[in-house]
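Colleague: Sending over a structure as structure tokens; questions will come in a sec.
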Amino acid sequence: MKSAPLLYQLAQSLRSFDPAALPKDICQQAKLLVLDSIGCALITQEEPEVRHVLKALEALGGAEQATLIGTAQKTSVLQAVLANEILVRYLDLNDFTLSVSKQGLRIAGHPSDNIPVALAMGEAYGASGRDVLSAIVLGYDIFARMRFLFDSHNQWDGTSASGLVAAAMSGLLMALDETQLSEALALGAMRSATPRLVRRGHITAAKFLANPLIAQSGVLAALLAAGGMSGPQAIYEDEDGLACLFRKDADLQYLTQAFSAPFAIEQAYVKAFPCLATGQAETAAAIKMHHLLGGRIDHIERFDVIMADYPMVHEQQSDPARRHPDSREAADHSFYFLAAIGLMDGTLTMRSYDHERWLQPAIVDLMAKGQMRVDPALNLRAPLSYPCAIEVLLTDGTIHRTQVDYAPGHSTGLLEESAVVEKFDRLTQSIISKRRQEQIISQVLSLDKLERIDSLMALCGNLTQAE
């Protein structure tokens, strides 16, 4: 007997998962990641590039289906997903996951990029908070499975997984049946493949636009499938489809396995600094060095950034475009810039990128004194982390060293509520009142008990409305 198509099998696995079966600790993990994502979105409102996007979407208009975070507007789910994903992703401050393979430790992407899909579709289709959390947890699992199967040496970016993820999350929250859901998956996958160039070389706004555009297509795929549209069910297996995304030895049946513990969302971490994940410990080490030197930056003869010996680190250290960043997107991915800002300012915030600081003479001169290298001993000191040491040679010949094995906010197990709440408070204290902060936190931490999520989204909407 011929087996069912791969995506139909995945649809069956998704539909067979019971949201009521989500363990309490997994619900809590998902809620904390929702809170972290909302915080990232709220603090991004006034960034010039983001304002441009929001203004363009406002001009397009749309049915009032879902909330634009931070505004008084509601718009179509397609516009809300695009805008809210950009808000979450722009600062490079949302979550990241890790994976371990024969090639060593790698960053396995930012699955919270797709949390806005669950929030917009959950609001538009009247889903319960528990159903929204369930869609998020399953989305993390699909994302992780796809990233595991991907060929990390080919030309495709990891965000290519999100077409499938967004279609799956949307289809579940729309309560599509197995046939409709499988068609949504096929249509979502069809428009998802994105080249690695969005995150290499001269890094542009495509870095933060990539996942939102893919996710928007995934949501549209579910909407079309609900109306009877079909897609290529063999999209991942066929050589004329997207088989090129995967390793030659990849067993795609892995995608269809039942969803159960351990869940991929357990391996999600939050960031302390608005920069790439592999630069979190480096930034912390540079800040420690700033305080150790008492601000004597003009006494630095040379500094070395010493990182764990992983292929991903080699790849990022050797990227020539990161040596001399020429955009904000390149700067938050430049180890040279992050070290220079940490050494000079003793902090790294979203304001550290203002006025094109990567081009200012003092920063350029300090970056020129930096050198990159790796040390395999760091791998052993802090497995499942990207530890970093910074050594500074001063003009008087003295050498100082600081080291951070685990970046601030790094968790060795599930996320700590206090750490995520503290980050949310810190990020949003300048834009919303303490009362509004407490209301949002309370609603998020009660998500699994909410019959609908409208009240939460209203709190995240018009920030100037009376409380």
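The values are calculated or read from the model by the stated rules, or taken from the named source; none is laboratory data. A quick note: this is a predicted structure, and the numbers were derived from the prediction, not measured. Glycine gets a Cβ as well: all are built from the backbone with ideal geometry, and neighbour counts include every protein chain shown. Note: accessible area is taken over every heavy atom of the protein model, side chains too, but ligands, DNA and RNA are not part of it. Shrake-Rupley method; radii C 1.70, N 1.55, O 1.52, S 1.80 Å.
Colleague: Would you please classify the overall shape of the range 17-74 from the alpha carbon gyration tensor, given that a ≥ b ≥ c denote the square roots of the eigenvalues, rounded means a/c under 1.5, and beyond that prolate means a/b larger than b/c while oblate covers the rest?
Modeller: Because a/c hits 1.5 or more and a/b fails to exceed b/c, the range 17-74 counts as oblate.
Colleague: Also: Place a +1 charge on the Cβ of each Lys and Arg in the chain and a -1 charge on the Cβ of each Asp and Glu, then give the dipole magnitude about the Cα centre in debye, rounded to the nearest 20.
Modeller: Numbers: 40 positive and 54 negative charges, 60 e Å.
The dipole of the chain has a size of about 300 debye.
Colleague: Checking the a/c ratio against 1.5 first, then a/b against b/c, what shape does the Cα gyration tensor give for the range 347-441?
Modeller: Oblate, since a/c reaches 1.5 and b/c is not below a/b.
Colleague: Over the chain, give the accessible area per residue in Å² for a 1.4 Å probe, as an integer.
Modeller: For the chain, the solvent-accessible area averages 39 Å² per residue.
Colleague: Given that just one value was derived from the coordinates, which of [x] 22.8, 73; [y] 22.0, 79; [z] 30.7, 101 is Rg and Dmax of the Cα atoms in Å?
Modeller: Computing Rg and Dmax of the Cα atoms in Å and matching it to [x] 22.8, 73; [y] 22.0, 79; [z] 30.7, 101 gives [y].
Colleague: Shifting gears a bit: At 1.4 Å probe size, what's the solvent-accessible area of C27? Round to the nearest 10 Å².
Modeller: That residue has around 0 Å² of solvent-accessible surface.
Colleague: Next question. Rank these residues by their accessible area, most exposed first, probe 1.4 Å: L414, L187.
Modeller: Result of the area sort, largest leading: L414, L187.
Colleague: Name the residue from M367, Y140, H410 whose Cα lies farthest towards the positive end of the charge dipole of the chain, charges +1 on Cβ of Lys and Arg and -1 on Cβ of Asp and Glu.
Modeller: It is M367, whose Cα lies furthest towards the positive end.
Colleague: Moving to a separate point now. Taking the Cβ of R200 as the center, what net charge do the other residues with Cβ under 12 Å away carry, scoring Lys and Arg +1 and Asp and Glu -1?
Modeller: 0
Colleague: Which net charge results for the neighbourhood of A124, defined as the other residues with beta-carbon distances under 12 angstrom from its beta-carbon, given Lys and Arg at +1 and Asp and Glu at -1? Spell out each step's value before the answer.
Modeller: Details: positive: K74, R452; negative: E64, E123, D454.
Residues close to A124 contribute a combined charge of -1.
Colleague: Oh, and also: Taking the Cβ-Cβ separation of K24 and S318 as r and a Förster radius of 41 Å, what is the calculated FRET efficiency to the nearest 0.05? Write out the running numbers ahead of the final one.
Modeller: Working: r = 44 Å, r/R0 = 1.09.
Computed FRET efficiency for K24 and S318: 0.40.
Colleague: Under the classification rounded if a/c is under 1.5, otherwise prolate if a/b is larger than b/c and oblate if not, where does the range 185-244 fall, given a ≥ b ≥ c as square roots of the Cα gyration tensor eigenvalues? Intermediate values should be presented prior to the final figure.
Modeller: Values: a/c = 5.36, a/b = 1.53, b/c = 3.50.
Verdict is oblate for the range 185-244.
Colleague: In the chain, which helices (entire DSSP H runs) extend 24 Å or more along their own long axis, judged by Cα positions, while averaging at least -1.0 on the Kyte-Doolittle scale?
Modeller: For the chain, where a helix must reach 24 Å along its axis and average at least -1.0, the hits are 24-43, 129-149, 206-226.
Colleague: Rg and Dmax of the range 335-385 over Cα atoms: what are they, in angstrom?
Modeller: So, for the range 335-385, Rg and Dmax equal 13.7, 39 Å respectively.
Colleague: Once Lys and Arg get +1 and Asp and Glu get -1 on their Cβ, which of L35, V50, S16 lies farthest toward the positive end of the dipole of the range 12-54?
Modeller: Going by the Cα projections, it comes out as S16.
Colleague: Can I ask one more? For R51 and R196 in one chain, what is 0.36 nm times their gap in residues minus the Cα-Cα distance, to one decimal in nm?
Modeller: Full-extension gain reported as 49.6 nm.
Colleague: Run lengths n ≥ 4 of DSSP H only: what is the helix-derived mean residue ellipticity at 222 nm for the chain, with -39500 (n - 2.57) per run over all residues, to the nearest 500?
Modeller: Values: 18 runs with 214 residues, N = 467.
That calculation yields -14000 deg cm²/dmol at 222 nm.
Colleague: Sticking with this one: Say the dipole of the range 100-188 comes from +1 at the beta carbon of Lys and Arg and -1 at that of Asp and Glu; which of A161, A120, L181 then lies farthest toward its positive end?
Modeller: A161
Colleague: To the nearest 0.05, what FRET efficiency results for A458 and A63 with a Förster distance of 22 Å applied to their C-beta separation? Don't skip to the end; give the middle numbers.
Modeller: On the way: r = 18 Å, r/R0 = 0.80.
The formula returns an efficiency of 0.80 here.
Colleague: Something else about it: Heavy atoms only, probe 1.4 angstrom, no DNA, RNA or ligands counted: give me R302, R199 ranked by accessible area, highest first.
Modeller: R302, R199
Colleague: Would you mind counting up the charge near A389? Only other residues with Cβ under 15 Å from its Cβ, with Lys and Arg at +1 and Asp and Glu at -1. Numbers along the way, then the final one.
Modeller: Details: positive: K288, R302, R373, R381, R401; negative: E282, D304, D309, D375, E391, D405.
Spelling it out: positives minus negatives among the neighbours equals -1.
Colleague: At 7 Å along the Cα-to-beta-carbon direction for both A205 and E422, put a label point, then send me their distance in nm to one decimal.
Modeller: 3.6
Colleague: Now, a different point. Once fully extended, how much extra length lies between V374 and R401, figured as 0.36 nm per residue of separation less the alpha-carbon to alpha-carbon distance?
Modeller: Stretched fully, the V374-R401 segment lengthens by 8.2 nm.
Colleague: Let me ask something else about it. Using Cα pairs under 8 angstrom and six or more residues apart, how large is the relative contact order of the chain, in percent?
Modeller: 21 percent.
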